[in-house]
1. When you count, for each residue, the other Cβ atoms within 10 Å and take the mean per peptide, how do 80-87, 43-50, 100-107, 56-63 rank with the highest first?
2. Mind scanning K79/K102; K79/K103; K68/K102 and naming the pairs with a C-alpha gap bigger than 28 Å?
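No value in this document is a laboratory result; all are computed from the given coordinates. Predicted model only: the values in this text are computed from it and were never measured. Heads up, the Cβs are rebuilt from the backbone with ideal geometry, glycines too, and the neighbour counts pull from every protein chain shown.
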Amino acid sequence: MTNGDDMNEIGGIAAELPVDNPPALFLSPTNDGKGKNSIRARLNPVGCWRLDDVRFTFGSSFLLPNTKKEFGELDALIKKHPKAPLTIFGHADPVGNDDFNKKLSGERAEVVYALLIRDTARWEKLYKSGGTESGWGISIYPIRF
């Protein structure tokens, strides 16, 4: 794990996915003959982005400052595909009990979401609910920016 000292450490991945053109859909009239049946188009992912756990303090939802490169890559993907929806999943460290890791993964997803929408109230809520137990607050370990 890192304490933020190595700003060049690989901490995620961003990539575009090939566009899959679904085949044409032929639809029939509804049973009452007054409309047409429709099929909702499937989702076609256009990219993926991952922020590794080395970008968080161990066992914490506190986002380290060395995420600038990864968020820059996400920004480029969003600008290239401005109408594409985003889905955020959180993951926890591979140790600890299930209850702790479930809470931690949710908090990590919420931290990323709050950063993307610039919602400082969400950050404040996480800070107040977890404090130093969740990695927020003052640390005795120096983090270099």
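1. On the way: 80-87: 9.8, 43-50: 14.1, 100-107: 16.6, 56-63: 20.4.
Top of the packing list down: 56-63, 100-107, 43-50, 80-87.
2. Details: K79/K102 31 Å; K79/K103 31 Å; K68/K102 26 Å.
Checking Cα-Cα distances, K79/K102; K79/K103 exceed 28 Å.
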